[in-house]
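Worksheet for the structure shown next.
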Amino acid sequence: MAFKLQITEAEFAELAKPKLRLFMSVDVVGSTAFKHQSEKADAQGWLDFFTSFFAEFPDFLLKAREEALRSAD
């Protein structure tokens with residue numbers, strides 16, 4: 001990532017504006033034990049599970065958000 005050495009007053013004003021950021025974290029309960037169990041069995045079932053989880057979770061979250069917005073009305 002490159003940073004400009006000089007910025008205009010307008011750019012500074014935009015950077016100085018307060019912003020709200022939401023940070024979310026997701027924990028898969030029992031994931032470490034599941035991974036270790038799969039490794040002992042010399043299988044990579046845990047890899048398939050986590051790959052599908054991270055591929056599908058954004059869609060799940062989007063649908064949950066849309067439903068929450070509908071019910072808020």
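Assorted remarks:
- Meets criteria (open to solvent by less than 70 Å² (accessible area, probe 1.4 Å) and out of contact with any His (no Cβ under 7 Å at 6 or more places or on another chain)) for LEU61: yes
- Test: residue in region 48-65 that is free of Cβ contacts under 8 Å to residues at least 60 places away in the same chain and touching a helix residue (DSSP H, G or I) at 6+ places or on another chain (Cβ under 6 Å): no
- Hits in region 2-36 - residues which are at pLDDT below 85, open to solvent by 100 Å² or more (accessible area, probe 1.4 Å) and farther than 21 Å from PHE60 by Cα: PHE3, LYS4
- Residue within region 42-54 that is within 18 Å of the chain's Cα centre (by Cα), among the hydroxyl-bearing types (Ser, Thr, Tyr) and not in a helix (DSSP H, G or I) present: no
The values are calculated or read from the model by the stated rules, or taken from the named source; none is laboratory data. A quick note: this is a predicted structure, and the numbers were derived from the prediction, not measured. All Cβ positions, even for glycine, are placed from backbone atoms using ideal geometry, and neighbour counts span all protein chains on display. Protein only, heavy atoms only, side chains kept; ligands, DNA and RNA dropped before computing areas. Shrake-Rupley method; radii C 1.70, N 1.55, O 1.52, S 1.80 Å.
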